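The values are calculated or read from the model by the stated rules, or taken from the named source; none is laboratory data. Since this is a predicted model, take the numbers as computed values, not measurements. Cβ sites come from the backbone with ideal geometry, for glycine too, and all protein chains shown count toward neighbours. Please note that ligands, DNA and RNA were not included when accessible areas were found on the heavy atoms of the full protein model with its side chains. Shrake-Rupley method; radii C 1.70, N 1.55, O 1.52, S 1.80 Å.
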Amino acid sequence: MSKISIIIQREYFTRIRKKSFMIMTLLIPLLMACIVFIPARLTQIKEPGIKNITVIDQTGRYENAFHSNELYQFYLINQSAHFPYEESKNDALIVISDNLSNNPDGITIYSDRQVNPELKSYISGLLSPFVRDEKLQQYDIPNLKEIVEKVNINVDIQEVRWTNTTEEEASTEIVMATSLTAAILIYFFILMYGSLVMRGVVEEKTNRIVEIIISSVNSFELMAGKIIGIALVGLTQFLIWVALIVVVGSIFGSGLENEIMQKAVLSHGSESDILSGNSFFSVFSFSYLITTGVFFVIYFIGGYLLYASLFAAIGAASDSETDTQQFMLPLTFLVTFALFIAIYSINNPDSTLTFWCSMIPFTSPIVMVVRIPLGVPFWEIILSVLILFFSFISITRIAAKIYRTGILMYGKKVTYKEIWKWVKNG
């Protein structure tokens, strides 16, 4: 068995047996599920009891506009005198002081606490169509209301991606969401596991374990084994997360999915129409999933290997995690900048800035996974991948020089100038 294989096994099995690995592996998907589903559930929880709302309509025009429901009970008072709210035992007071069709600002809500946005939205939903009909009546055109309703048509635009051989249904919103999700996953993976590589090197260096290890293997084998071993740890954790998120999502999200489907049916027709139309259930063809998945893995691996080698070099050049901060900032900036460009490229996938950031190896892993589902010439993808892996090989050689010198250096504050000497003389 090669020395690199032994180092990979050591890094992998040592880390997955730690309690912290098991705790974080189980905790993070639960937290993610809670972040996604708990707010959705909380919005559906209504405070028990009915809110009593007093309505003073000084115009006498909107008595028929207010309809009570299971949350709000309206009590209408048609009078011109001002109503002293302090004497009211209701939860809020609505005063309509003017004809809303002529003065839309002629309504005010009074309350001794912040007005619930849902209440404002409900009242607006009641009054807006009533005022619209009132405004239409002023034109004194027979059947104008019916005419307006007939001509008020929402155009549903179907999307088709036209390639040289096939036509595929598409959904811009869903493709953008999945692309951005892939970019965010790579962003977090690079920072999380790149930092883990760096901390592992610093820990071994601080405990002087590396002096024993380096006597049996060369510095490049040690660095390569550590990077690949931690990558396998990350891949294992990622696959467990995916499985747990699917399980937790199926448990907590089934009710939410049914509600979304019901709303979609009300808006777009029958359930069969939705499943067969341009929706989440049909826009992802098999070829789309395979292509996107393959390139996601390629950029996933390439981006991690590129940054992990630099993180390893930073760990070798530092005596403690505190010392790594001065070198971490440029790398963190590059990864974060790549995420910002990825967000920008959603609406500008063919811009000059997006193109060059898709070629620069420090930004291409995150930017290109957003562009590919939106449609990128194949030659650009191939060129980007070649540049990424060629840069990985070149940067790994540079990082190995830093690693070789810095791994056995203690008690000295390393500067960028010192690191440049190691690179030139290595």
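Could you count how many residues in the range 332-373 are of a type in the set (S, T, N, Q), touching a Phe, Trp or Tyr at 6+ places or on another chain (Cβ under 9 Å) and under 14 Å from residue 190 (Cβ atoms)?
The total comes to 3.
Matching residues to (1) among the small types (Gly, Ala, Ser); (2) modelled with pLDDT under 85; (3) open to solvent by 60 Å² or more (accessible area, probe 1.4 Å); (4) assigned to a helix (DSSP H, G or I):
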| position | (1), (2), (3), (4) |
| --- | --- |
| 333 | no, no, yes, yes |
| 336 | no, no, no, yes |
| 342 | yes, no, no, yes |
| 357 | no, no, no, yes |
| 367 | no, no, no, yes |
| 371 | no, no, no, yes |
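Checking residue 218 against (1) surrounded by fewer than 16 Cβ atoms within 10 Å (Cβ to Cβ); (2) modelled with pLDDT under 70; (3) of a type outside the set (D, E, K, R); (4) closer than 19 Å to residue 317 by Cα: exactly one of these is not met. Which one?
In the conditions (1) surrounded by fewer than 16 Cβ atoms within 10 Å (Cβ to Cβ); (2) modelled with pLDDT under 70; (3) of a type outside the set (D, E, K, R); (4) closer than 19 Å to residue 317 by Cα, residue 218 misses (2) alone.
Has the range 381-391 got any residue that is in a helix (DSSP H, G or I), at pLDDT below 90 and closer than 11 Å to residue 341 by Cα?
no
So residue 13 fits all but one of (1) under 36 Å from the mean Cα position of the chain (by Cα); (2) surrounded by fewer than 17 Cβ atoms within 10 Å (Cβ to Cβ); (3) at pLDDT below 80; (4) not β-branched (Val, Ile, Thr); what number is the exception?
Only one criterion in (1) under 36 Å from the mean Cα position of the chain (by Cα); (2) surrounded by fewer than 17 Cβ atoms within 10 Å (Cβ to Cβ); (3) at pLDDT below 80; (4) not β-branched (Val, Ile, Thr) is unmet by residue 13, namely (3).
Give the number of residues within the range 378-422 that are among the hydroxyl-bearing types (Ser, Thr, Tyr) and surrounded by 19 or more Cβ atoms within 10 Å (Cβ to Cβ).
Going residue by residue through the range 378-422, those that are among the hydroxyl-bearing types (Ser, Thr, Tyr) are 384, 391, 394, 396, 403, 405, 410, 415-416.
Of the ones still in play, those that are also surrounded by 19 or more Cβ atoms within 10 Å (Cβ to Cβ) are 384, 396, 403, 405.
Within the range 378-422, residues that are among the hydroxyl-bearing types (Ser, Thr, Tyr) and surrounded by 19 or more Cβ atoms within 10 Å (Cβ to Cβ) number 4.
Yes/no matrix, rows are residues, columns are (1) aliphatic (A, V, I, L, M); (2) under 17 Å from residue 194 (Cα atoms); (3) within 35 Å of the chain's Cα centre (by Cα):
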site: 334; (1), (2), (3): yes, yes, yes
site: 386; (1), (2), (3): yes, no, yes
site: 405; (1), (2), (3): no, no, no
site: 422; (1), (2), (3): no, no, no
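How about the range 114-148: which of its residues are charged (D, E, K, R), farther than 18 Å from residue 91 by Cβ and either open to solvent by less than 30 Å² (accessible area, probe 1.4 Å) or out of contact with any Asp or Glu (no Cβ under 7 Å at 6 or more places or on another chain) (or both)? Walk me through how you get there before you give the answer.
Going residue by residue through the range 114-148, those that are charged (D, E, K, R) are 118, 120, 132-135, 140, 145-146.
Keeping just the survivors that are farther than 18 Å from residue 91 by Cβ gives 132-135, 140, 145-146.
Passing the criteria: 132, 133, 134, 135, 140, 146.
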